[in-house]
Amino acid sequence: MADRVTVIGWDGSPLTAAARSALSAATLVAGAAHHLALPEVPPTAERIRLGSLGLAARRIAGHRGTAVVFADGDPGFFGAVRTLRAPEHGLEVEVVPAVSSVAAAFARAGMPWDDAQVVVAHPRTLRRAVNVCRAHGKVAVLTSPGAGPAELALLLGGVHRTFVICEELGTAREQVTVLTSDRAADHSWRDPNVVIVIGGQASSVSSSSSAAEPAWLLGQSPAQTGARGWARPQADAGEGESAQLRAAQLARLGPRTGDLVWDIGTGSGALAVEAAAFGAAVIAVDADPRACERATAAARKRGVQLQVVAGRAPHVLEDLPEPDVVRIGGGGAEVVAAVADRRPERIVSHASTRDEAEAIGRALTEGGYTVECALLQSVGLDTRTWGEQDRSVVFLLAAERPVGR
């Protein structure tokens, strides 16, 4: 095992005395090409060009001597420290930090970033990173080969955003480009880069309220943290949109950051807005233009992002990106079958009659889902007289795709 491992963060600034001291004693230095070219790297030290950090960690663990690992930005912020400290390598490390790439990118843009989401995009996590960009008004994306600005823009599709693309921060080739997301796919971008993705109504809500209620929690805006409660009664809720049913549907769906939710037959948009408040990206679909207007207004009032699509399911669903969870508020078994063909993890729907519930349940079962059904009954009471105000009886169907299918 290496006698000593020092991780040096590099942001283009001159190396600190602590970094130079660690380098002078190093018998092994690992880093990217621009790190290994630094004049302070001892000419006699073994050099490892970083590709897979896991492979490099194994080599460092087997090295007898003193090792230095370079990393761009702060190595403790989505960086090398986590991998090197993994139990399978058994390495104890000392860290010489630097300004993180995210902090540097926002500094170049002259913007605050305490209300920004920060995500890492690899080819395997790219879709979830894009969903965060759909759901939030300010996101910093740490990209990787195959998951860069062009790929982000392509998956965002018709969702309009502004990209601030910071290439090769801290180097002589550093470049900052600002353009709309529809133009980002037409360029080739140099690695490494950080993309700041800005836009949508939530970012304007955050900006307008920041003076009155300053941010205090990283990645959250006052609009996201100020509203208490969920599945609250709503005056303009339509049939099948009771607060109790909505609470049960949300509990079964479990929307979370990185998910894409379809809300088909969104009605007032109440459930779509609730799902967005949990951090998920949401596409609300309705054939009624007035319902689309209500959903848009509800999202604006709550301060969340919502993509509203006017059209009738199942045909309108064909061009939508793949969902993680889906709520079906109308359309019957035909829409349920079309959604099941897209293989989301979970689907919830409801029915007002047993025959309708059986038809929906059969479509879900034939689609390969495990199905639960419950009869929900709620009675509202007037607390002045304790008399009955309204009664709701509905069948709730919740379906889950078996693991691996």
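The values are calculated or read from the model by the stated rules, or taken from the named source; none is laboratory data. On a predicted model such as this, the values are computed, not experimentally measured, just so you know. In this analysis, Cβ positions are derived from the backbone assuming ideal geometry, glycine residues included, and neighbour counts consider all displayed protein chains. Heads up: the accessible areas ignore ligands, DNA and RNA and are worked out on the full protein's heavy atoms, side chains in. Shrake-Rupley method; radii C 1.70, N 1.55, O 1.52, S 1.80 Å.
For Gly258, the criteria (1) open to solvent by 40 Å² or more (accessible area, probe 1.4 Å); (2) closer than 29 Å to Lys138 by Cβ; (3) in a loop (DSSP other than H, G, I, E, B) hold in every case but one, which is (1). If you check Ala30, Ala67 for being crowded, with 22+ Cβ neighbours inside 10 Å, at pLDDT 95 or above and within 14 Å of Gly9 (Cβ to Cβ), only one passes: Ala30. When Leu154 is tested against the conditions (1) under 17 Å from Arg128 (Cβ atoms); (2) open to solvent by less than 60 Å² (accessible area, probe 1.4 Å); (3) of a type in the set (A, V, I, L, M), the lone failure is (2). Cβ-Cβ contacts under 9 Å between residues 6 or more apart (or on different chains), taken from a first residue in region 142-153 that is touching a residue at least 12 places away in the same chain (Cβ under 8 Å) to a second residue that is of a type in the set (Lys, Arg) and not in a helix (DSSP H, G or I), are listed as Ala147/Arg124; Leu152/Arg161; Ala153/Arg161. Restricting Ala107, Ala86, Ala103, Ala57 to residues that are more than 21 Å from Ala37 (Cβ to Cβ), open to solvent by 60 Å² or more (accessible area, probe 1.4 Å), without any contact (Cβ under 8 Å) to a residue 60 or more places away in the chain and hydrophobic (A, V, I, L, M, F, W, C) narrows the list to Ala107. Set side by side, the residues Glu345, Glu356 differ, and just one is of a type in the set (D, E, K, R), under 20 Å from Gly254 (Cβ atoms) and open to solvent by 30 Å² or more (accessible area, probe 1.4 Å), which is Glu345.
Across region 20-39, not a single residue is classified as within 30 Å of Thr162 (Cα to Cα), among the hydroxyl-bearing types (Ser, Thr, Tyr) and assigned to a helix (DSSP H, G or I). Across region 298-329, what is the number of residues that are open to solvent by 50 Å² or more (accessible area, probe 1.4 Å) and either of a type in the set (Val, Ile, Thr) or assigned to a helix (DSSP H, G or I) (or both)? Total meeting the criteria: 5.
Scanning region 273-298 for residues that are without any contact (Cβ under 8 Å) to a residue 60 or more places away in the chain and in contact with a Phe, Trp or Tyr (Cβ under 9 Å, 6 or more places away or on another chain) turns up Glu274, Ala277, Phe278, Ile283, Ala284, Val285.
Looking across Ala333, Ala337, one residue alone is among the aliphatic types (A, V, I, L, M), at pLDDT 95 or above, open to solvent by less than 70 Å² (accessible area, probe 1.4 Å) and in a helix (DSSP H, G or I). It is Ala337. Here Gln244 fulfils each of the conditions (1) modelled with pLDDT of 95 or more; (2) touching a strand residue (DSSP E or B) at 6+ places or on another chain (Cβ under 6 Å); (3) assigned to a helix (DSSP H, G or I); (4) more than 18 Å from Val335 (Cβ to Cβ) apart from (1). With respect to (1) of a type in the set (A, V, I, L, M); (2) under 30 Å from Glu322 (Cα atoms); (3) in contact with an Asp or Glu (Cβ under 8 Å, 6 or more places away or on another chain), the lone exception for Val120 is condition (3). Would you point out the residue of region 1-27, among those that are at pLDDT below 95 and among the charged types (D, E, K, R), that is farthest from the chain's Cα centre (by Cα)? By that ranking, first place goes to Asp3.
For Arg173, the requirement of being farther than 20 Å from Asp11 by Cα, out of contact with any Phe, Trp or Tyr (no Cβ under 7 Å at 6 or more places or on another chain), charged (D, E, K, R) and outside any strand (DSSP E or B) is not met. Residues of region 4-26 that are in contact with a Pro (Cβ under 8 Å, 6 or more places away or on another chain) and open to solvent by 60 Å² or more (accessible area, probe 1.4 Å): Ser24 alone.
Of the residues Glu372, Glu400, the single one that is touching a Ser or Thr at 6+ places or on another chain (Cβ under 6 Å), charged (D, E, K, R), modelled with pLDDT of 95 or more and open to solvent by 30 Å² or more (accessible area, probe 1.4 Å) is Glu400. Of all residues in region 40-52, exactly one satisfies the criterion of being buried (at least 18 other Cβ atoms within 10 Å of the Cβ) and not in a loop (DSSP other than H, G, I, E, B), namely Ile48.
Looking only at strands (runs of 3 or more DSSP E) that fall completely inside region 87-160, which ones have 3 or more residues that are hydroxyl-bearing (Ser, Thr, Tyr)?
Working: elements: 93-96, 117-120, 138-142.
Of the strands (runs of 3 or more DSSP E) lying wholly inside region 87-160, none has at least 3 residues that are hydroxyl-bearing (Ser, Thr, Tyr).
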